[in-house]
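Nothing in this text is a laboratory measurement; each read-out follows from the coordinates by a stated rule. The model shown is predicted, which means the values in this text are computed figures rather than measured ones. Glycine also receives a Cβ, built like all others from the backbone with ideal geometry; neighbour counts cover every protein chain displayed.
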Amino acid sequence: MFRQIFVNLPIKDMARSQAFFKSLGLNFNPQFTNEQGACLEVGENIFAMLLVEPFFQGFTKLPISDAKKATEVLVALSVDNRAQVDEVVAKAVAAGATTPNAPMDHGFMYQHGFADLDGHQWEVFWMDMSAAPAQM
């Protein structure tokens, strides 16, 4: 039924956020990017709209949460192999991210993550479906 996902995230500094995600090898769709919002291309039909806080506030009557003080969302991204998990997290840390948790190895799944410059948590994982338990 659904064809695409756009996760909208509030950010403080557009230039700084774009530089951070570009350092991870990600691109922005220039057709949907300006000084108020940037369309981060995460994967095929997977996008994150990075919206400066005043613009983001126009879409909700609720206060914007401070992702450095409270978890609002965990964005989980799969990769092709275990080594890529560590590679992505290492690139993020080199660009200024922090790692809120240690890597976790569940046997069939390996995960590690980072908090971006605004505190949003991105979980990067690899899963061996053939080794996954029948029920989770």
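Overview of values
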quantity	calculated
Rounded tilt (10° steps) of 14-23 against the dominant C-alpha axis of the chain	30 degrees
Candidates per GluC sites (Glu not before Pro) in region 24-61, loop by DSSP, up to 10 other Cβ within 10 Å	Glu35, Glu44
The chain shape via C-alpha gyration tensor axes, a/c threshold 1.5	prolate
In region 1-85, chymotrypsin sites (Phe, Trp or Tyr not before Pro) in a DSSP loop with at most 15 other beta-carbon atoms within 10 Å	Phe2, Phe59
Between 0 and 90°, nearest 10: helix 82-94 axis offset from the chain longest Cα axis	30 degrees
Mean ellipticity per residue at 222 nm, deg cm²/dmol - from DSSP H runs of n ≥ 4 across the chain, formula -39500 (n - 2.57)	-6000 deg cm²/dmol
